[in-house]
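The values are calculated or read from the model by the stated rules, or taken from the named source; none is laboratory data. Everything numeric in this text was worked out from a predicted model, so none of it was measured. FYI the Cβ positions are ideal-geometry reconstructions off the backbone, even for glycines, and counts take in every protein chain you see. Ligands, DNA and RNA are excluded from the accessible area calculation, which covers all protein heavy atoms including side chains. Shrake-Rupley method; radii C 1.70, N 1.55, O 1.52, S 1.80 Å.
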Amino acid sequence: MTSDLRVLHAAAECFPLAKTGGLGDVAGALPAALRTLGCDARVALPAYRGVARSLGRVEPLSSHEINGIRYTVLRGALADGLPVYLFDAPLLFDRAGGPYADESQQPYADNALRFGTFSAALAAFVAQGAAGFDPQILHLHDWQTALAAPWLAAAPRRPALIFTIHNLAYQGQFGREAFETLGLPLEWWSPEALEFWGGFSCMKGGLNYADLITTVSPTYAREIQTPAFGCGLDGLLATRADRLIGIVNGIDTAIWNPATDLHLVRHYDSRTVEAGKQANRLAVSSTLGLTPPTRGQTLPLVVFIGRLADQKGADLLLAAQDELMQLPLQLAVLASGDPKLEAAFRDWAGRAPAGRLAVRLAHDEVLAHQLTAAADLLVMPSRFEPCGLNQMYAQRYGTIPVVHRTGGLADTVVEARGGSPAAEEGSGVLFDHADVDGLLWGLRRGLEFCADQQLRKRLRRQGMARDFSWSASAQQYRESYTRVLSSRRDSSSC
Ligand code: ADP
């Protein structure tokens with residue numbers, strides 16, 4: 001490998017070692033894609049329980065202490081060769097639950113200490129030369145790593161600092177006690193540094209001290225500079241607009257490939273999409289107890305897959321349930337999260353007409369693949385969506401996305417006009433308002449598209465022809481690294 005650029009990514013998740021959502025996918029896939037572009041990209045993350053073991057061979061590099069917490073830096077590699085640094089602090093990370101919450105989904109009470117210490121340890125690791133790796137770029141992802149930026153900002157010799165916002169709604173906000181426990185310098189307790197509404201925000205460390213801020217779609221980059229989407233940080237982001245860019249995430253096109261997907265009963269590509277989807281629909285109908293499709297009179301299958309959180313707008317499906325059951329459709333929901341929303345979906349499933357609604361309240365990776373293949377329409381009524389992945393998986397599987405025109409959804413779904421085939425490149429439906437009327441308008445339009453067999457076929461193929469692989473996004477990241485390095489060189493030579 002000709003390694004012209006050394007980049008260390010730091011994140012609280014990295015697929016396949018630790019993942020709760022899109023962050024894990026990005027922190028696994030982006031460094032791998034950068035390596036195929038010739039960068040020497042590596043990853044740093046906490047050694048959660050079992051992570052070191054799942055890497056196979058790991059080598060201890062050095063041991064340290066911060067905030068009275070002892071930790072060891074370990075080095076290993078993923079199967080594809082991606083080098084991984086693990087911050088092994090058993091007191092903080094060797095726990096039975098997930099990265100942020102215990103087994104009953106309660107956030108750990110010491111998350112400020114866990115990730116504040118991880119960030120300080122990252123800064124120390126890089127300042128000391130990162131065990132001979134000496135990155136030119138330290139790419140920090142989300143609030144769990146953000147405090148590394150202020151720790152490093154004043155260092156005499158430091159890498160360029162890139163900070164990526166995956167979701168501005170999760171900022172790592174804590175109080176004065178956590179600030180003191182972490183031993184943060186007193187001058188950081190100011191609005192120009194970390195202070196935020198009587199507490200402090202880890203996210204602000206990334207926003208105020210990074211050389212470049214990125215987020216996961218151009219539309220979200222614009223939206224977060226407005227009060228409606230800025231979560232109280234829109235003013236700060238607007239002042240840093242010259243250093244803020246949006247780069248859309250890619251997807252793992254090997255795992256999400258209908259021609260090879262191990263979870264499907266029938267593989268298909270764009271030539272065989274009609275028969276392929278029909279076979280998968282039949283199988284999923286029987287798994288979920290939906291009325292099976294019959295020749296000539298098949299109701300389109302609409303699916304929703306996602307977290308049950310306010311962001312995702314699943315409550316709009318509940319609010320529109322009577323109207324939805326009047327439409328010619330079947331609905332399948334695969335979701336988990338907010339217990340109140342789970343109860344409401346359970347209740348609806350108990351009352352809905354037989355064979356029309358299937359609700360699975362679980363996180364089920366296999367069923368997610370099967371539903372994406374079987375569906376005619378995938379609905380995403382997200383109130384905001386930094387990037388979103390499901391709408392890209394859907395298009396790759398010939399499923400027409402019906403999405404709220406926001407964030408990454410607006411950037412990755414091309415509006416189908418249903419007009420003349422020659423001029424048409426669209427692959428989905430975008431609706432303007434994340435409310436019941438907007439949702440119903442979008443679904444009615446999607447159902448009209450499905451009712452026209454030729455149009456449906458064309459939209460399926462147009463979606464499947466689109467390129468959502470990581471290579472284009474990784475190229476954009478690489479270019480932005482190069483730009484930041486050259487502007488730092490220019491300013492230091494002034
Ligand atoms: P976010 O990170 O905000 O949850 P993304 O769309 O970026 O949303 O990524 C979510 C990922 O998790 C997608 O791959 C989606 O398919 C998957 N997912 C969400 N909920 C479920 C579920 N209940 N079962 C299976 N997969 C799910």
Point to revise | Selection count where residues are farther than 22 Å from residue 391 by Cβ and of a type in the set (S, T, N, Q), scope segment 304-352 | key: 2
Check your understanding: Is there any pair linking a residue in segment 108-124 that is over 14 Å from residue 47 (Cα atoms) to one that is among the aromatic types (Phe, Trp, Tyr) and at pLDDT 95 or above, with Cβ under 6 Å and at least six apart or on different chains, and which?
Key -> 112/174; 120/151; 123/151
Study note, to complete from the structure: For segment 108-132, the count of residues that are at pLDDT below 95 and not in a helix (DSSP H, G or I) equals 2
Point to revise | Candidate set: segment 330-367, residues that are within 12 Å of the ligand (Cβ to nearest atom) and either of a type in the set (Lys, Arg) or touching a Phe, Trp or Tyr at 6+ places or on another chain (Cβ under 8 Å) (or both); chosen: the one most open to solvent (accessible area, probe 1.4 Å) | key: 360
**Study point:** residue 191 out of contact with any Phe, Trp or Tyr (no Cβ under 8 Å at 6 or more places or on another chain), open to solvent by 20 Å² or more (accessible area, probe 1.4 Å) and more than 16 Å from the ligand (Cβ to nearest atom)
**Key:** yes
Practice item. With respect to residue 198, determine if the residue is within 30 Å of residue 405 (Cα to Cα) and of a type outside the set (Lys, Arg). Key: no
Check your understanding: With respect to residue 410, is the statement that it is within 27 Å of residue 36 (Cβ to Cβ) and either among the hydrophobic types (A, V, I, L, M, F, W, C) or in contact with an Asp or Glu (Cβ under 6 Å, 6 or more places away or on another chain) (or both) true?
Key -> no
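Each row is one residue, and each column tells you yes or no for (1) within 20 Å of residue 213 (Cβ to Cβ); (2) of a type in the set (A, V, I, L, M); (3) out of contact with any helix residue (DSSP H, G or I) (no Cβ under 7 Å at 6 or more places or on another chain); (4) open to solvent by less than 70 Å² (accessible area, probe 1.4 Å).
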position: 454; (1), (2), (3), (4): no, no, yes, no
position: 464; (1), (2), (3), (4): no, yes, no, yes
position: 474; (1), (2), (3), (4): yes, yes, no, yes
position: 479; (1), (2), (3), (4): yes, no, yes, no
position: 483; (1), (2), (3), (4): yes, no, yes, no
position: 491; (1), (2), (3), (4): yes, no, yes, no
Study note, to complete from the structure: Expected output for segment 26-55 (first residue closer than 22 Å to residue 163 by Cα, partner of a type in the set (Phe, Trp, Tyr) and outside any helix (DSSP H, G or I), Cβ below 6 Å, 6+ apart or cross-chain) is 28/15; 44/85; 46/87
Review point. In this structure, does residue 162 turn out to be among the β-branched types (Val, Ile, Thr), open to solvent by less than 10 Å² (accessible area, probe 1.4 Å), touching a residue at least 12 places away in the same chain (Cβ under 8 Å) and touching an Asp or Glu at 6+ places or on another chain (Cβ under 9 Å)?
Key: yes
Review point. Does any residue in segment 360-384 that is of a type in the set (Lys, Arg) come within less than 8 Å, Cβ to Cβ, of a residue that is within 10 Å of the ligand (Cβ to nearest atom) and at pLDDT 95 or above six or more places away or on a different chain, and which pairs are these?
Key: 360/333; 360/334; 360/335; 360/367; 383/311; 383/312
Check your understanding: From the set of residues in segment 376-393 that are touching a Ser or Thr at 6+ places or on another chain (Cβ under 8 Å), of a type in the set (A, V, I, L, M) and more than 15 Å from residue 248 (Cβ to Cβ), which is farthest from the ligand (Cβ to nearest atom)?
Key -> 377
**Study point:** Residues of segment 1-37 that turn out to be in a helix (DSSP H, G or I) and either small (Gly, Ala, Ser) or open to solvent by 10 Å² or more (accessible area, probe 1.4 Å) (or both), as a count
**Key:** 11
Review point. Of (1) over 16 Å from residue 475 (Cβ atoms); (2) assigned to a loop (DSSP other than H, G, I, E, B), residue 45 satisfies all except one. Which?
Key: (2)
Study note, to complete from the structure: Those residues of segment 265-319 which are part of a loop (DSSP other than H, G, I, E, B), within 27 Å of the chain's Cα centre (by Cα) and not acidic (Asp, Glu) amount to 267, 268, 270, 309, 313
Exercise for review: Looking only at segment 197-211, count how many residues are open to solvent by 20 Å² or more (accessible area, probe 1.4 Å) and either closer than 13 Å to residue 169 by Cα or touching a strand residue (DSSP E or B) at 6+ places or on another chain (Cβ under 6 Å) (or both).
Suggested key: 1
Study note, to complete from the structure: Scanning segment 416-443 residue by residue, those at pLDDT 95 or above and surrounded by fewer than 17 Cβ atoms within 10 Å (Cβ to Cβ) turn out to be 432, 433, 437, 441
**Study point:** Residues of segment 283-320 classified as of a type in the set (A, V, I, L, M), within 16 Å of the ligand (Cβ to nearest atom) and touching a residue at least 60 places away in the same chain (Cβ under 8 Å), total
**Key:** 7
Point to revise | Subset of segment 221-252 (residues that are of a type in the set (Gly, Ala, Ser) and either surrounded by fewer than 21 Cβ atoms within 10 Å (Cβ to Cβ) or out of contact with any Lys or Arg (no Cβ under 9 Å at 6 or more places or on another chain) (or both)) | key: 221, 228, 230, 232, 235, 238, 241, 250
